[in-house]
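To start, the structure itself, in structure tokens.
The values are calculated or read from the model by the stated rules, or taken from the named source; none is laboratory data. From a predicted model like this one, the values you see are computed outputs, not experimental measurements. Cβ coordinates were reconstructed from backbone atoms using ideal geometry, including for glycine residues, and neighbour counts include every protein chain displayed.
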Amino acid sequence: MAINATSLSPSLVAELTDIKRRLSAAERRPDVLARFDRYPTTEWVAVRRDPVFQNAWSSCSIANVTGLVYDRVEVRFITDHIYKGKREGEIRLAAFKHSGNEKECVSASRTIRLQGNAAGRAVDSFVMRWVHGIPYGWDYEDGTSVYTIELQHRYLIGPDKSEVTYFAAPLKKGATSSDGLNAFPSTIDGAKWWTMSFRDQSGWLWNYRPTLDDPGTYSISAFHYCVGLPADRLPDATPDAWGWSTMDYITDGGPGNVNDPWLW
């Protein structure tokens, strides 16, 4: 039996229209291909990260979680060249809503300070479990917004600019004498230093060689993976981002703040 739409009340028509819109949005919703949501990345090595934009929060890994199902995630990554007192970092997880050219931070984990180990270089692994707190979920009324979860970092100390030391030595193929060379002695802190010079066009060259190849920055990888799981799989996830690491010295950097400056 056909329904005469003109006989329906305006409120019922509006309700039917809303149901139709929601069904259409549900059909366009990304399909969950597994028992949980996976957002893998391809960067498996700890890449050198420099401070940017006055050392504001900078994203080194981004997971597109548009259409996410679960309210908690587990992420994994590694770090390298973090030295206590020389180059130390801060990290956090942050959730963003992207609408056209607008980007809004809607949730942020607690800041974690990575202070490293004074004993020397160590490659450390991290696991963080976070209740992301994205307040919108799948927005049925907005089919254009994109949601991301991002691993962000900034420097706590450093980066230390390790000076590159050079030494110079005169070279001449088949040289049999010191033709064109002169040396001038100087006494510095009780020790004698010799400064060599050479006459132009005498056939001698100077050899410069760096003795230290160190950019002075720490390294941090992108997510090994970012995976969304239900509460029974991640019961220890918290809004602060509970987790563990192999790093010796980690301290609390304070509660999450969505208003902290971050690089767009």
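Among the residues of the range 205-216, is any farther than 30 Å from Val131 by Cα, surrounded by 14 or more Cβ atoms within 10 Å (Cβ to Cβ) and modelled with pLDDT of 85 or more?
Yes, that holds for at least one residue.
Pull up the range 78-100, narrow it to residues that are under 30 Å from Thr144 (Cα atoms) and buried (at least 17 other Cβ atoms within 10 Å of the Cβ), then point me to the one that is farthest from the chain's Cα centre (by Cα).
Residues of the range 78-100 that are under 30 Å from Thr144 (Cα atoms), as a first pass: 91-100.
Next cut, buried (at least 17 other Cβ atoms within 10 Å of the Cβ) only: 91-97.
Values: Ile91: 8, Arg92: 9, Leu93: 9, Ala94: 11, Ala95: 13, Phe96: 15, Lys97: 18 Å.
Per the stated criteria, the residue is Lys97.
Being more than 26 Å from Gly120 (Cα to Cα) and either surrounded by 14 or more Cβ atoms within 10 Å (Cβ to Cβ) or without any contact (Cβ under 8 Å) to a residue 40 or more places away in the chain (or both) is the filter here; which residues of the range 231-256 pass it?
Asp232, Arg233, Leu234, Pro235, Ala237, Thr238, Pro239, Asp240, Ala241, Trp242, Gly256
Which of (1) at pLDDT 85 or above; (2) surrounded by 15 or more Cβ atoms within 10 Å (Cβ to Cβ); (3) over 24 Å from Asp232 (Cα atoms) does Ala25 not meet, given it meets every other one?
(1)
Restricting attention to strands (runs of 3 or more DSSP E) lying wholly within the range 33-147, give those where 1 or more residues are touching a Ser or Thr at 6+ places or on another chain (Cβ under 8 Å) and modelled with pLDDT of 80 or more.
Per the criteria, 58-64, 72-80, 88-99, 112-116, 124-131.
Restricting to the range 164-192, give me the number of residues that are at pLDDT below 80, loosely packed, with under 10 Cβ neighbours inside 10 Å and part of a loop (DSSP other than H, G, I, E, B).
5
Take the residues in the range 101-137 that are within 17 Å of the chain's Cα centre (by Cα) and of a type in the set (Phe, Trp, Tyr), then tell me which one is surrounded by the fewest Cβ atoms within 10 Å (Cβ to Cβ).
Phe126
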